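Participant: Have a look at this one before I ask anything.
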Amino acid sequence: SKFRFANLRNAYLSLAYLRLAYLLLADLSGADLIGASLKNARFFGADLNEADFNKADLSGANFREANFLGAKFNRANLNQTNFKQVKNLFFYRLLAVESLYKAKNLNADLEKRLKAKKRCLFTINGCK
């Protein structure tokens, strides 16, 4: 499915099957993606502010240059997920996102803290 430049703001996509979806510069701000299947989806430059990915399958997804301010990922599958050059990526209570350890292209500081298994309020720039 191709959703280039799509306006999906506040869309209800809970349990949606969007594997291999192409969401170039799509606006998914405030979208409900709880439990959605987004395996290998591409979110290049997407606006994901306040999007809810709780329990979603994001394995293999690519979030290059996406904006994540306030996005939620509790119990999401992030195996092999690519977070290269993302903006405003926040993780609340790292251990709630168990598959974060298998995500790709996290910045060096995040990887270092994951190895130390510290619990904290975490942003891409460090613990608060």
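Participant: Would you calculate the separation in nanometres between label points at Asn40 and Glu65, each defined as 7 Å from the Cα along the Cα-to-beta-carbon direction?
Facilitator: With each label placed 7 Å out from Cα toward Cβ, I get 2.3 nm.
Participant: Per 0.36 nm of contour for each residue apart, how much would the distance between Arg75 and Tyr22 grow if the chain were fully extended, relative to their Cα-Cα spacing? Provide the component values of the computation, followed by the final result.
Facilitator: Details: separation 53, 0.36 × 53 = 19.08 nm, distance 2.30 nm.
That pair, Arg75 and Tyr22, stretches by 16.8 nm at full extension.
Participant: By how many nm would the segment from Lys2 to Asn88 lengthen if fully extended, with 0.36 nm per residue of separation less the alpha-carbon distance?
Facilitator: Working: separation 86, 0.36 × 86 = 30.96 nm, distance 2.48 nm.
In short, 28.5 nm is gained.
Taken together, the values in this text are just the output of simple stated rules run on the coordinates, not laboratory data. Note that the structure is a prediction, hence the values are computed from the model and not measured. When we count neighbours, we look across all protein chains shown, and the Cβ atoms used for this are built from the backbone with ideal geometry, even at glycine.
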